[in-house]
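What follows is a short report on a single structure.
The values are calculated or read from the model by the stated rules, or taken from the named source; none is laboratory data. Note that the coordinates shown come from a computational prediction; the quantities given were computed from them, not determined experimentally. Glycine also receives a Cβ, built like all others from the backbone with ideal geometry; neighbour counts cover every protein chain displayed.
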Amino acid sequence: MKPPKILIIDDLLGKEGNNLEREAFCRVNGLMPIREGKAAAGIDKCVALATFVSGQKIVSNSVENDLEGTIRKIKDGWNESERWSLLLLDLHFKTGEFSILGSPEGRLTDRSPESYFGLQILNAISSDASLSDLPIVLLSSMDRTQIEERLASLGALGFVEKNDLDAKKLADLIDLYGLLEDEKVIGRSLPLLKCLREARTKSRIGNRNILITGESGTGKELFGRYIFENSLRFGRGERFNTVFLSGVPESLVDDLIFGHEKGAFFGAFDERPGVAETANQGTVFFDEIGDIPAIVQGKLLRLLDENIRETRRIGGRSSIIVDIMILLATERLEILQDEKLFRSSLVSRMNFGSRIHLPPLRERKDDILLLAKHFLQKLGIKKDFSQGAIQWLKSYHWPRNVRELELLISGIILSTPDLNVITEIQFDLARKDDFRSKQEKEDVSLRGSSQALSQSPKSESLDDLLEFLQSFDFHLVPAGRLEGLLPYLRLATAKMLANYLKVSFSLKKQLTNTIRFMENDPDMTTLKAASTILDIVEIAGKENQEKLLEDDIISEIVSKALKNRKRKTIRSKLKPPRNGLTNDSSSSKG
Amino acid sequence: MITDWEMRRSELSHDCIQNSFIGVIRGVEGNLMAERLADPFNLEAVKEIAKRWALWSNFAEDLFTSAIHELSPQKTFSFWPLSNCPPDTKYWLIPVVVEFWKIRTKIEHKLSEAQQKKDSLNAVVDEIDRFLATTKELNAENVGSYSVLVENLKQAAIEFQMSLARLSVRYIAL
């Protein structure tokens with residue numbers, strides 16, 4: 001794996017990265033110095049690649065501190081494509097003219113803790129929002145007792161004596177505080193690297209339960225494995241076990257986790273240990289803990305006890321003590337917090353304090369292209385992305401996260417195998433196909449059950465859709481594609497509303513009730529409902545109305561609406577029929 | 001108030017001996033322990049600090065020679081209120097005060113110890129110089145004796161630095 005890059009800011013003036021003291025420091029601490037952007041030879045197994053920066057400059061034979069230049073150099077290596085994993089910062093910088101011994105003579109102010117130049121650098125970093133996530137460890141043997149609290153409040157994560165450091169200690173320091181990439185978790189965005197650091201830290205705190213939250217498709221199981229692989233248990237050769245709770249019938253969950261004794265229930269012909277037992281001396285990852293049935297929650301309480309973990313088979317007389325690390329994942333934190341659904345004692349054992357929240361893909365913009373390339377590579381395909389496609393990848397809001405990206409890429413590869421360059425058009429088409437097939441699946445399930453709507457776990461994707469529609473940025477669309485777009489937009493909007501109308505109609509069966517349900521308006525009248533339906537059709541525009549009415553159910557609804565309106569209009573002698581919509585056009589479809 | 005002498009002592013102790021001398025030796029030691037014998041740093045770095053030592057050694061000599069004059073209370077007679085002391089009183093009082101100060105601080109013993117440690121370091125540096133003059137590269141045959149020399153060099157440097165620390169104003173005042 002590529003070694004991390006660290007930055008060391010000291011007061012050793014000289015050719016950057018190439019003076020005796022720095023060379024020695026590298027050898028003691030297993031660092032590979034970077035000179036003129038390239039790694040120098042010398043260290044075989046290195047802990048990190050080190051860039052040395054002197055925080056000073058020479059002004060007419062005198063060494064002076066250079067705050068502006070120092071911050072500039074820090075920023076040079078802190079951007080989208082590369083990041084310092086850690087900054088080791090000296091505190092005391094000697095200034096003044098060169099003495100007979102070759103180093104700056106030093107001024108009294110250099111030695112005063114209140115005016116340490118390292119403190120000034122730390123101050124400047126902490127007040128620069130773009131550097132707020134830079135991990136800093138102070139590397140100094142100078143007295144800091146007076147200012148220790150201040151240093152910590154300015155964001156210093158730790159302190160280390162230069163002469164106490166060695167390769168092992170530095171590696172531990174980087175592991176604990178550093179932002180490190182991992183070859184198994186693709187990405188180098190700040191939210192991801194911070195999350196990985198949190199996972200490493202929490203994986204080493206004793207035997208605590210760790211709760212992993214994050215939207216669907218963010219990679220909770222992958223993170224579970226990352227936590228496990230960074231724990232001491234992995235080093236001991238223990239195993240990682242996954243329990244998928246989503247979709248498992250309530251009656252089977254108990255058996256799956258705890259197992260049963262022979263004869264415990266009808267059909268229990270043999271004894272069978274549950275995962276809690278088979279995973280002893282290992283790690284168990286419970287995927288979608290929010291789906292754990294209420295009847296199992298009480299039993300799970302004992303297993304989640306971090307002091308003594310107990311499990312008891314169905315029909316068993318005694319408990320078995322097991323030694324396992326428990327990771328719990330959910331995309332619906334609100335369910336765990338709902339006292340009607342979840343026992344509060346169980347929730348308190350889940351350790352919200354040890355929660356790791358995975359960032360959604362839309363917050364990991366720097367990773368999207370890397371992931372897209374990774375998925376191509378995984379498929380063994382060599383293709384490039386056009387600039388438009390890269391822009392598309394970054395501007396799309398990824399409601400289904402990394403899983404959606406992988407699906408889109410594989411969809412594009414299947415539909416356009418001969419294209420060498422993937423453009424934004426392929427992404428547009430693939431997303432529409434993906435959305436349509438998802439919508440069709442939801443339509444089928446909704447038709448099948450009137451309870452489906454309230455049980456649907458996809459309500460958050462509906463929120464995403466609304467947000468997406470409202471905030472869609474047309475500035476990002478090439479000017480050529482904007483021309484003549486209105487009819488298509490009208491049709492898309494009308495179709496979407498018509499789909500909503502269809503689903504609601506399948507639930508309520510009657511027009512006025514349907515619109516009352518859709519608008520949540522208890523005062524809905526037959527005439528108002530008919531007008532609303534016709535309004536939806538009108539949104540499509542005259543040229544698109546026929547396309548919309550090709551759908552039999554919509555056509556039937558519109559026809560009924562027209563009849564209702566006519567009947568009511570005649571009765572109340574109100575408005576004439578609307579333009580473009582006549583009883584004839586609808587009846588021809590009906 | 002940090003005196004000029006104290007600044008120079010600190011520079012020699014911290015910058016030269018601790019950061020440069022001992023720091024470089026630790027780097028070489030790290031290499032030898034990891035059996036990175038081919039790294040030119042192993043010989044070149046030690047050659048360089050041995051060269052620098054000639055300058056630092058002279059600097060240390062000057063520091064020791066001027067120590068009593070710079071650190072003892074005799075300087076306080078140049079400033080108010082002791083500057084008002086009559087010359088005939090100063091004539092006998094200053095040597096008495098300085099003698100008492102020498103006894104209380106054991107400065108002469110500390111200086112002699114520092115001198116001795118410096119001489120020991122000199123001796124090891126000479127030995128290293130002789131080794132380096134006849135050695136072009138490190139190999140399985142000479143690495144054992146070189147490791148011993150490097151270890152001796154580090155030990156002598158640490159002891160010299162400790163003797164310098166005992167000459168610090170803060171330490172003397174105790």
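Considering region B:82-92 alone, what residues qualify as being assigned to a helix (DSSP H, G or I) and surrounded by 11 or more Cβ atoms within 10 Å (Cβ to Cβ)?
Here is the first cut: in region B:82-92, the residues assigned to a helix (DSSP H, G or I) are B:82-84, B:87-92.
B:Leu82, B:Thr89, B:Lys90, listed by residue number.
With the condition kept exactly as written, say whether any residue in region A:282-301 is within 26 Å of A:Ile227 (Cα to Cα), in contact with a strand residue (DSSP E or B) (Cβ under 7 Å, 6 or more places away or on another chain) and without any contact (Cβ under 8 Å) to a residue 40 or more places away in the chain.
The answer is no; no qualifying residue exists.
Which one of these does A:Gly219 not meet: (1) small (Gly, Ala, Ser); (2) in contact with a strand residue (DSSP E or B) (Cβ under 6 Å, 6 or more places away or on another chain); (3) closer than 30 Å to A:His374 by Cβ?
Checking A:Gly219 against (1) small (Gly, Ala, Ser); (2) in contact with a strand residue (DSSP E or B) (Cβ under 6 Å, 6 or more places away or on another chain); (3) closer than 30 Å to A:His374 by Cβ, the one that fails is (2).
Quick check on my filter: what residues within region B:94-140 are aliphatic (A, V, I, L, M), in contact with a Phe, Trp or Tyr (Cβ under 9 Å, 6 or more places away or on another chain) and free of Cβ contacts under 8 Å to residues at least 40 places away in the same chain?
Of everything in region B:94-140, those that are aliphatic (A, V, I, L, M), in contact with a Phe, Trp or Tyr (Cβ under 9 Å, 6 or more places away or on another chain) and free of Cβ contacts under 8 Å to residues at least 40 places away in the same chain turn out to be B:Ile94, B:Val97.
Name the residues in region A:56-74 that are surrounded by fewer than 17 Cβ atoms within 10 Å (Cβ to Cβ), at negative phi, touching a residue at least 24 places away in the same chain (Cβ under 8 Å) and over 40 Å from the mean Cα position of the chain (by Cα), would you?
Selection gives A:Ile58, A:Ser62, A:Glu64.
Please work out if A:Arg200 is closer than 28 Å to A:Val322 by Cβ and either outside any loop (DSSP other than H, G, I, E, B) or not acidic (Asp, Glu) (or both). Break it down into steps so the answer makes sense when it comes.
Details: closer than 28 Å to A:Val322 by Cβ: yes; either outside any loop (DSSP other than H, G, I, E, B) or not acidic (Asp, Glu) (or both): yes.
Yes.
Which residue out of B:Glu137, B:Glu159, B:Glu151 is in contact with a helix residue (DSSP H, G or I) (Cβ under 8 Å, 6 or more places away or on another chain), within 19 Å of B:Ala60 (Cβ to Cβ) and not basic (Lys, Arg)? If you could, list the steps in order and put the result at the bottom.
Details: B:Glu137 fails: within 19 Å of B:Ala60 (Cβ to Cβ); B:Glu151 fails: within 19 Å of B:Ala60 (Cβ to Cβ).
One residue alone meets the criteria, B:Glu159.
Looking at region A:203-231, which of its residues are farther than 17 Å from A:Val243 by Cα and surrounded by 21 or more Cβ atoms within 10 Å (Cβ to Cβ)?
A:Ser203, A:Glu215, A:Thr218, A:Ser231 - these are the residues of region A:203-231 that are farther than 17 Å from A:Val243 by Cα and surrounded by 21 or more Cβ atoms within 10 Å (Cβ to Cβ).
Taking the residues in region B:2-43 that are farther than 18 Å from B:Ala140 by Cα and more than 9 Å from chain A (Cβ to nearest Cβ) as candidates, determine which candidate is modelled with the lowest pLDDT. Give the derivation first.
First, the residues of region B:2-43 that are farther than 18 Å from B:Ala140 by Cα: B:2-27.
Then keep just the ones that are more than 9 Å from chain A (Cβ to nearest Cβ); that gives B:3-6, B:9, B:13, B:17, B:21.
Values: B:Thr3: 78, B:Asp4: 84, B:Trp5: 89, B:Glu6: 88, B:Arg9: 92, B:Ser13: 93, B:Ile17: 94, B:Phe21: 94.
The qualifying residue modelled with the lowest pLDDT is B:Thr3.
Looking only at region A:145-162, which residues are within 14 Å of chain B (Cβ to nearest Cβ) and surrounded by 14 or more Cβ atoms within 10 Å (Cβ to Cβ)? Steps first, answer last, please.
Step one: list which residues in region A:145-162 are within 14 Å of chain B (Cβ to nearest Cβ), which gives A:161-162.
If the condition is that a residue be within 14 Å of chain B (Cβ to nearest Cβ) and surrounded by 14 or more Cβ atoms within 10 Å (Cβ to Cβ), then A:Lys162 is the only one that fits.
So, restricting to helices (runs of 4 or more DSSP H) that lie completely within region A:203-270, which ones have at least 1 residues that are modelled with pLDDT of 90 or more and among the polar types (S, T, N, Q)? Step through it out loud before you land on a result.
On the way: elements: A:220-230, A:232-235, A:250-258.
Those helices (runs of 4 or more DSSP H) span A:220-230.
Within the group A:Leu304, A:Leu245, which residue is within 22 Å of the chain's Cα centre (by Cα), surrounded by 17 or more Cβ atoms within 10 Å (Cβ to Cβ) and among the aliphatic types (A, V, I, L, M)?
Values: A:Leu304 fails: within 22 Å of the chain's Cα centre (by Cα).
Of the residues listed, the single one that is within 22 Å of the chain's Cα centre (by Cα), surrounded by 17 or more Cβ atoms within 10 Å (Cβ to Cβ) and among the aliphatic types (A, V, I, L, M) is A:Leu245.
Yes or no, residue by residue, for (1) assigned to a helix (DSSP H, G or I); (2) among the hydroxyl-bearing types (Ser, Thr, Tyr); (3) over 42 Å from the mean Cα position of the chain (by Cα):
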site	(1), (2), (3)
A:Lys495	yes, no, no
A:Asn499	yes, no, no
A:Phe505	yes, no, no
A:Met518	yes, no, no
A:Met524	no, no, yes
A:Val537	yes, no, no
A:Arg567	yes, no, yes
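What's the number of the only condition in (1) in a helix (DSSP H, G or I); (2) modelled with pLDDT of 85 or more that A:Lys547 fails to meet?
(2)
Do the conditions hold for A:Ala152, that is, is it touching a Cys at 6+ places or on another chain (Cβ under 9 Å) and either on the phi < 0 side of the Ramachandran plot or of a type outside the set (Gly, Ala, Ser) (or both)?
Values: touching a Cys at 6+ places or on another chain (Cβ under 9 Å): no; either on the phi < 0 side of the Ramachandran plot or of a type outside the set (Gly, Ala, Ser) (or both): yes.
Against the criterion (touching a Cys at 6+ places or on another chain (Cβ under 9 Å) and either on the phi < 0 side of the Ramachandran plot or of a type outside the set (Gly, Ala, Ser) (or both)), A:Ala152 does not qualify.
Within region A:31-62, how many residues are modelled with pLDDT of 90 or more and within 12 Å of chain B (Cβ to nearest Cβ)?
2
Please state which of the following conditions A:Phe25 fails to meet, knowing it meets all the rest: (1) modelled with pLDDT under 90; (2) under 20 Å from A:Phe159 (Cβ atoms); (3) assigned to a helix (DSSP H, G or I); (4) within 14 Å of chain B (Cβ to nearest Cβ).
Condition (1) is where A:Phe25 drops out.
Would a scan of region B:60-81 turn up a residue that is surrounded by 11 or more Cβ atoms within 10 Å (Cβ to Cβ), within 14 Å of chain A (Cβ to nearest Cβ) and β-branched (Val, Ile, Thr)?
no
Condition check: outside the structural domain of A:Gly259 (by TED's automatic domain parsing) and under 21 Å from A:Ser216 (Cα atoms). Does A:Leu333 satisfy that? Full working, then the answer.
Working: outside the structural domain of A:Gly259 (by TED's automatic domain parsing): no; under 21 Å from A:Ser216 (Cα atoms): yes.
The answer is no for A:Leu333.
Kindly evaluate A:Thr70 against the criterion of being more than 21 Å from A:Gly155 (Cα to Cα), among the hydroxyl-bearing types (Ser, Thr, Tyr) and modelled with pLDDT of 90 or more.
Details: more than 21 Å from A:Gly155 (Cα to Cα): no; among the hydroxyl-bearing types (Ser, Thr, Tyr): yes; modelled with pLDDT of 90 or more: yes.
It is false that A:Thr70 is more than 21 Å from A:Gly155 (Cα to Cα), among the hydroxyl-bearing types (Ser, Thr, Tyr) and modelled with pLDDT of 90 or more.
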